[in-house]
Protein chains: 4
Amino acid sequence: MNVQLNNFNSKREAILNSTLLLVKEYGFHGAPMSQIAKHANVAAGTIYHYFDSKETLIVELYIRTKDQLAEAILEGYDESKSYKDRFFRFMINQYNFYIKNESAMVFLEQYINSPFAKNFPEKDSVLFKEKVIAFFQAGIDGEYFKKIDPRLLGPTIRGTLVAAANFRLSEHMIYSEEDITEVVQIVWDGIKRQ
Amino acid sequence: MNVQLNNFNSKREAILNSTLLLVKEYGFHGAPMSQIAKHANVAAGTIYHYFDSKETLIVELYIRTKDQLAEAILEGYDESKSYKDRFFRFMINQYNFYIKNESAMVFLEQYINSPFAKNFPEKDSVLFKEKVIAFFQAGIDGEYFKKIDPRLLGPTIRGTLVAAANFRLSEHMIYSEEDITEVVQIVWDGIKRQ
Amino acid sequence: MNVQLNNFNSKREAILNSTLLLVKEYGFHGAPMSQIAKHANVAAGTIYHYFDSKETLIVELYIRTKDQLAEAILEGYDESKSYKDRFFRFMINQYNFYIKNESAMVFLEQYINSPFAKNFPEKDSVLFKEKVIAFFQAGIDGEYFKKIDPRLLGPTIRGTLVAAANFRLSEHMIYSEEDITEVVQIVWDGIKRQ
Amino acid sequence: MNVQLNNFNSKREAILNSTLLLVKEYGFHGAPMSQIAKHANVAAGTIYHYFDSKETLIVELYIRTKDQLAEAILEGYDESKSYKDRFFRFMINQYNFYIKNESAMVFLEQYINSPFAKNFPEKDSVLFKEKVIAFFQAGIDGEYFKKIDPRLLGPTIRGTLVAAANFRLSEHMIYSEEDITEVVQIVWDGIKRQ
DNA sequence: AATGAATGAGTCTTCATTCAT
DNA sequence: GATGAATGAAGACTCATTCAT
């Protein structure tokens, strides 16, 4: 009964997932549409039923991935907890997301440092902006953090977490709760109001 | 007498500079050899006298740029100062380098997040490794920093400084000494042994 | 009771009309089946219920359009009039048809100058051949015209009328009876037995 | 010594000639760049050293061909002859050009009836406009012709000559001087001031 | 009869690289 | 050393056609 819907989503999702994997592995340039199609088990032309161009595909994948990151960050959000606890939760969630979704992390980093990000600054996750960035803003307003522009805060946090995740992943280490806390502590100590 | 040498260097340098600019502006994919040649005022074939392939060109540009970064970081190094003072000097120098060489920063970030970095991990600046990373290691050994792996420390610091430089550059703000100190303070507070 | 038939015809006609318009506007190459379907308000696959292939569609459209031209030319045919009067009537009718059906004219000209005409010489309007060309033949046999092969006469007449219609249409001029007579006079003076 | 020039021209000319032939045989759509390259004995990419795109190639071929037509028409031009004699000479030259260069004629007719002509009305032979059309204008001004707009006169003449040439060519007849004169007479009788 | 998602061969075009001069 | 015309493999994308529903 909802087969149609499933099929629709499954092809589209397969294409997005295939793109994520190939871009992570070989970069934007090294991920030809033909390969993306092959890995998604669809014909090359099929991609163009779902996406206008390779550019569109990449940009939509970025938004989807950032949405997923935002969802992961917001998981288990508990208003009753203290700001610091909630902040730690955010960081741990983000770190875990990177560890569990290496391709997502690598893709996001590539995207952010590519001309795409400059050319389509308006194409971004609404969820991330409205929930995650807003939460950071609240931390600044509530004087938990140093008086830093939130547009500086975000990338600073991301930079450290990505660095940590990359390190752990490259070392093939099993990450423990202590690992995570240690990294988050770096972030926190850096930006908290002393 | 060394005109020939100068010419040799000037063409080579022109090609590297042209590549840096074009990669910064359009990404690896958007910087064809023909354009690189045109911007360097040389013929397309000439590039192949200095570099085996586009890949080689990019990798050598990476090493040169990282060398330049290392040199900038080490500028005014004064053994007689305290470790903390020297660390702050390192950070300020790096930050200034990014501000003054946006294309270098953008190129480095693109490179680090591209498959190149993964495929040629051994191709890197010797100067950077032997002086800069070694200095961080000393900070860990000397218990100035938290007990963090130096391979984590480097990217963490870079992440924050790049975030800050990007922010300043995108805002077209004139950066002041306070700006710099504020950012370096974030880094320092994050990693210093509490 | 003949609703079905009407529907059948209406879809078929819609497809033919859509093709005529798009070919006129963008040429054979610029009229993809998907666009033809969209403009005809049918699904892409539906076209293949009525026509075997795009080639068939074009050829059948040619025959239909030439049939329509023949019908227009023969309108008000009056055996009792003199040959010259009937000839003028033919010309005026043809000229008017072009003016009122620009897409038909453009399509016919494109078709005649395309490989289609060469590859399917037998695919043509029976009505046109049996009535219009036969009438010209009668003019030759009856010694009203110079002694020209009828296969030369047809295109010669067409050439002048199309030139005139194109000129009028591109000038966005309101054509008058005198205009028409003037053009027909050129044709007549050219071919009539002096 | 002028080998370079020859080579340059020879490749460019080979590409244009190859295009002319293939477009004549298979139409615009049926002449892929790969085939054009193959028939010209060059690599596919080479075409793009001489022409920006397929569109440019076609348009430049049109201008070149129309230039050649104009040159052929103007051959043996003799100011001392009467206007009528010179007009007949023009017509005979044009007719002969069509007979001897069937592909040029077919290409020109295809082009004129394609969207190209509509989209690039300014791209045309200067020689043709300044010499041939000007000569027709002189005929109107000198009252040799009926009072017709020159923009109507040109296509009218072309229409008849092309019709005649096509007929002769399709009949594989050897054309004689009488043939030509007969056709030109049709043109002349049609447009001359009675 | 009608749909439109899916196909994949084929198209134009780009671009790293070569090589004769 | 230097040139830049030439190459041709590979890429993004189109589109006539099919077929399950």
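Bear in mind that the values in this text are calculations on the coordinates, not laboratory data. Since the model is a prediction, treat every value here as computed from it, not as a measurement. Virtual Cβ from ideal backbone geometry, glycine too; neighbours counted across all protein chains shown.
List of remarks:
- Ranked list, fewest to most other Cβ atoms within 10 Å of each Cβ, for D:SER10, B:SER53: B:SER53, D:SER10
- The residues packed around C:ILE63, meaning those with a beta-carbon under 12 Å from its beta-carbon, carry a net charge of 0 if Lys and Arg are +1 and Asp and Glu are -1.
- The label point for B:ALA44 and the one for C:GLU13, both projected 7 Å from the Cα toward the Cβ, are 5.7 nm apart.
- Counted charge near C:ASP179, where neighbours are those whose Cβ lies closer than 12 Å (Asp, Glu -1; Lys, Arg +1): -4
- For the pair A:THR181 and B:ARG151, a Förster radius of 22 Å applied to the C-beta separation gives a FRET efficiency near 0.70, rounded to the nearest 0.05.
- Ordered by the count of other Cβ atoms within 10 Å of each Cβ, fewest first, A:ASP124, A:ASP85 give A:ASP85, A:ASP124.
- In sequence order, calculated HN-Hα J values of region D:143-148 (Karplus, 6.51, -1.76, 1.60; Hz; x Gly/Pro): 6, 7, 9, 4, 7, 10
- Relative contact order (%) - chain D, alpha-carbon pairs under 8 angstrom, separation at least six: 20 percent
- With label points defined 7 Å past Cα in the direction of Cβ, position B:SER82 shows copy-to-copy spacings of 3.0, 11.4, 12.1 nm, given to one decimal and shortest first.
- Shortest first, D:ALA117 label-point distances to identical copies amount to 1.1, 5.4, 6.0 nm, with the label point at 7 Å from Cα along Cα→Cβ.
- Of C:LYS24/C:LYS118; C:LYS147/D:LYS131; B:LYS131/B:LYS192, pairs whose Cα-Cα distance is over 26 Å: C:LYS147/D:LYS131
- Cα pair distances exceeding 34 angstrom across the protein assembly as shown, given as percent: 65 percent
- Whole-Å distance, taken between Cα centres, linking region C:112-181 and region D:5-49: 35 Å
- Under 14 Å, Cβ to Cβ, from C:GLN137 - net charge with Lys/Arg +1 and Asp/Glu -1: +2
- Label-to-label distance for B:LYS192 and C:LYS54 is 7.1 nm, based on points extended 7 Å past Cα in the beta-carbon direction.
- Note on chain C: helix-only mean residue ellipticity at 222 nm, from DSSP H runs of 4+ residues weighted -39500 (n - 2.57) and normalised by residue number, equals -22500 deg cm²/dmol.
- Taking the number of Cβ atoms within 10 Å of each Cβ as an exposure proxy, the fewest-first ranking of B:LEU169, D:LEU16 is B:LEU169, D:LEU16.
- Sorted shortest first, the distances from the A:ASN9 label point to those of the same residue in the other copies are 4.8, 6.3, 6.8 nm; each point sits 7 Å from Cα along Cα-to-Cβ.
- Computed over chain D with a Gaussian network model linking Cα atoms closer than 10 Å, the most mobile of D:PRO115, D:PRO32, D:PRO150 is D:PRO115.
- Max mean-square fluctuation residue, GNM over chain A, Cα-Cα springs under 10 Å, options A:ILE148, A:ILE157, A:ILE133: A:ILE148
- Taking every residue in C:158-171 and counting other chain Cβ atoms within 10 Å of its Cβ, the average works out to 5.
- Largest mean-square fluctuation among C:SER34, C:SER18, C:SER103, in a Gaussian network model of chain C whose springs join Cα atoms under 10 Å apart, belongs to C:SER34.
- Here the average projected area of the convex hull drawn through the C-alpha atoms of region B:24-136 stands at 8.0 nm².
- Partner shielding of B:113-124 amounts to 3, given as the average count of beta-carbon atoms from other chains within 10 Å of each residue beta-carbon.
- For the rotation that carries chain D onto chain B, the axis lies closest to a Cβ at D:GLY45, 4, where the number is the distance in whole Å.
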